[in-house]
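Quick notes on the structure that follows.
Values in this text are rule-based calculations from the coordinates and carry no lab data. Note that the structure is a prediction, hence the values are computed from the model and not measured. A quick note on method: Cβ atoms are made from the backbone with ideal geometry, for glycine too, and the neighbour counts reach across all protein chains shown.
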Amino acid sequence: MEAGCGKGLANLPREGKVRLSSEAKSSESYVEKPTTIQELRARISAGTTKAADLAARYYDRIAKINPHLNIYLSLTKERALQQAERVDALAAKGDPLPPLAGVPVGIKDVLVMQGAPATAGSRILQGYRPPYDATVVSKLEAAGAVLLGKLNCDEFAMGSSTENSAYGPVRNPVDPERVPGGSSGGSAAAVASNLAVATLGSDTGGSIRQPASFCGVVGVLPTYGRVSRFGLIAFASSLDRVGPFAAKVRDAATMLGIIAGHDPKDATSSAAPVPDFASESDKPVEGLRIGIPIEYFAEGLDPEVRTSIESGIKALEAAGCTLKPISLPHTKYAIPTYYLVATAEASANLARFDGVRYGYRSPDSDTLSGMYSHSRDEGFGAEVKRRILLGTYALSAGYYDAYYLKAQQVRRLLAEEFLRAFAEVDAIVTPTAPTPAFKLGEKTGDPLAMYLADIYTVTASLAGICGVTVPCGRTSAGLPVGMQVLARHLNEGTAFRVARAVEAAQV
Amino acid sequence: MTAKVTEEEVARVAELAHLQLTPQETGAMLHDLNAILDYVAELNELDTAGVAPLAQVTELFDANGGELRPVEFRQDELRSSLDRSTVLAEAPETNGAFFKVPKVIDR
């Protein structure tokens, strides 16, 4: 197992002080479309491509590009090559190959792989090598995937730009002066720059959908409970979800089909049957009723993003969908609700990082309570501390009713509003983010401005419904725009169908 | 809900959360927390009397006509778990059988 590539994990800056060097090369040289899963599998089956050679080519490309974009935090080469050899042995025997045979996949560094570093983008987990695999990791490998390494992200998945990583920000492959979005910025950027064919991320308030939009790839928010979270480093347990990224909708659907399903190790995982999402995505959209919520097209939406999304909506109409304007009047309360619920849960989940059982322990204290607080102060970055404090405050005696309870009540209003809407429409389409990718450093000084980058994504997080972000045009500067397609609980298939239609229209 | 947080409250909350803040950090957090709390005060516009709090969403699937997760408890039987030495190998300090921490009580 190799530790960090590009940056040594040991001598990192204290936090957030990473130099934003302007060494950026001409941007388009980083962007490359991966071959589809279907095509790769066909080549490996036919023996025209060896899985081991394919993995080696990906590691070469990572070695070349990663120093510029900081996408991977660590590589799992030995494990990947062993897996690739197993796939090649199967292919040589002419045995039927599993659905992801030889497909190079990257894993967000909030999911654990046995023996590989798991930092969650934080100093406090520096050096930690978990003794087990996340369920989604086991499922991908059982399906033949070759897991290349661990992907950079905001610390504990808290952020919208990947600038909160203790290991330095990820740069957007489309324009390295811009952020890739976050928190799963590494996962989105890896697909956009073909440093993996598909990746896994996690989404608590938009952390898959928003970076997918910023990097011009497909990102999936599965229904709450659809995918096991065993082995996911928890942020906010009533909101956290694991989901895939890919360049194409059908590949993202294939990935979800493999990682979805009940897991005895995760009591919150759903026992609902898992449909063949890839086949679901093949179905035509004719006759589907598409809701357009007026609140998502109001003040604050970048005019070029609006134009792109409106073109996508016209394409859906041309494909035979019925458009229906709808209203979701509680939308404006979603960000405050989200930040109270998520920080309260985070303050409880992050209590486990105390310097006792794993990760960083401060050497500066000879009492237990001093060791806790020094380890946490030195180990956590500013945004994580801010959220722990806000969450602790919102849960503390005298404030619980005013903040946490109030937020949970509004959460119900927001969720019920979606249920009412889905009685009349099959899917809802919106912009994924109010703007295209912003510049590095642009919002780091203002936490509230950063939170507003999630204004269109936190609603679905609170309601537990599913969604897909699909590329939908570009701005005049060439920055990707993503459309968010939302569907009711357990109806990912509908979201994939609509996303396929937008993709096919090449907006 | 619009009450301003004081420096003492930030210090108290930091203590509850086992965070040792520097004076500069305390000042910055005071500013940020007040800005965020001002913003979330928007929720006061909504009358939520009689609205049941929603702590988790799976109950909604039923209301939506979706498939409810059957209540299915696993058998209460012994299963193997991670080996003690494997787990302790990740700890900052152990005596081979337990996690070691600094002194809890001074005497």
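May I ask you to derive the FRET efficiency for B:Leu46 and A:Ala267 from their Cβ-Cβ distance with R0 = 35 Å, giving the value to the nearest 0.05? Calculated value: 0.65. Here the range A:59-148 yields Rg over Rh of 1.01, to two decimals, using C-alpha coordinates and the Kirkwood radius.
Could you tell me the relative contact order of the range B:1-49? Use alpha-carbon pairs under 8 Å, at least six residues apart, and round to a whole percent. If you can, show how the numbers build up before the last one.
Values: 21 pairs, mean separation 24.8, N = 49.
Over the range B:1-49, the number comes to 51 percent.
Under conditions of 10 °C and 1.306 mPa s, the range A:61-114 yields 121 µm² s⁻¹ as its translational diffusion coefficient, taking Rh as the Kirkwood radius over Cα pairs in the Stokes-Einstein equation. Local charge for A:Lys248 was computed over the other residues whose Cβ lies under 15 Å away, with Lys and Arg +1 and Asp and Glu -1, and equals -1. The residues A:Ser193, A:Ser365, A:Ser228, when put in order of fewest to most other Cβ atoms within 10 Å, stand as A:Ser365, A:Ser228, A:Ser193. Annotation for the range A:255-358: GluC sites (Glu not before Pro) lying in DSSP loop with at most 11 further Cβ atoms inside 10 Å of their Cβ are A:Glu286, A:Glu299. Take chain B and mark each of the chymotrypsin sites (Phe, Trp or Tyr not before Pro) that is in a DSSP loop with at most 11 other Cβ atoms within 10 Å; the longest unmarked stretch, sites excluded, is B:1-72. Here the Karplus relation 6.51 cos²θ - 1.76 cosθ + 1.60, evaluated at θ = phi - 60°, turns the backbone of the range B:33-46 into coupling constants of 4, 5, 4, 5, 5, 4, 5, 6, 4, 3, 4, 5, 5, 8 Hz, with x for every Gly and Pro.
Got a sec? How would A:Ile309, A:Ile294 order by Cβ neighbour count within 10 Å, fewest to most? If you can, show how the numbers build up before the last one.
Working: A:Ile309 26, A:Ile294 12.
Sorted ascending by nearby Cβ count, the order is A:Ile294, A:Ile309.
How large is the dipole of the range B:1-49 about the Cα centre if only Lys and Arg carry +1 and Asp and Glu carry -1, each at its Cβ, rounded to the nearest 20 debye? Could you put the intermediate results ahead of the total?
Numbers: 2 positive and 10 negative charges, 28 e Å.
Magnitude of the dipole: close to 140 debye.
Counting only DSSP beta bridges with both residues in the protein assembly as shown, what percent are antiparallel, rounded to the nearest 5? Rounded to the nearest five, the antiparallel share is 65 percent. Note on chain A: Rg/Rh from Cα positions, Kirkwood definition for Rh, rounded to two decimals, is 0.95.
When you count the other C-beta atoms within 10 angstrom of each residue and take the mean per peptide, A:252-260, A:94-102, A:464-472, A:70-78 line up highest first as A:464-472, A:252-260, A:70-78, A:94-102.
Here A:Leu405 and A:Ile294 are evaluated by their C-beta separation; at R0 = 30 Å the FRET efficiency comes out at 0.50. Spin-label pair B:Glu7-A:Ala351: with each label point 7 Å from Cα along the Cα-Cβ axis, the two points sit 2.9 nm from one another.
Using the number of other C-beta atoms within 10 angstrom as an exposure proxy, rank B:Thr86, A:Thr457 with the fewest first. Please list the in-between numbers first.
Numbers: B:Thr86 11, A:Thr457 29.
Ascending number of Cβ neighbours within 10 Å: B:Thr86, A:Thr457.
For the range A:275-351, a simple Cβ point-charge model (Lys and Arg +1, Asp and Glu -1, everything else neutral) yields a dipole of about 240 debye relative to the Cα centre. Remark: the range A:473-480, residue by residue, has Karplus-estimated 3J(HN,Hα) of x, 9, 7, 5, 7, x, 7, x Hz, where x stands for each Gly or Pro and the curve is 6.51 cos²θ - 1.76 cosθ + 1.60 at θ = phi - 60°.
Close amide H contacts of A:Asn164 (hydrogens built in the peptide plane, cut-off under 5 Å, sequence separation of 5 or more or a different chain): A:Glu155. Modelled spin labels at A:Arg420 and A:Ala449, positioned 7 Å past Cα toward Cβ, are 3.6 nm from each other. Of interest is the spacing of the C-alpha centroids, which for the range A:258-277 and the range A:85-104 amounts to 25 Å. Take each residue of peptide A:231-240, count the partner chain Cβ atoms within 10 Å of its Cβ, and average: the result is 1.
With Cα atoms as the point set, the range B:1-49 shows a radius of gyration and Dmax of 12.8, 41 Å. Restricting the calculation to Cα atoms, every distinct pair contributes to the Kirkwood radius of the range A:136-206, found to be 12.4 Å.
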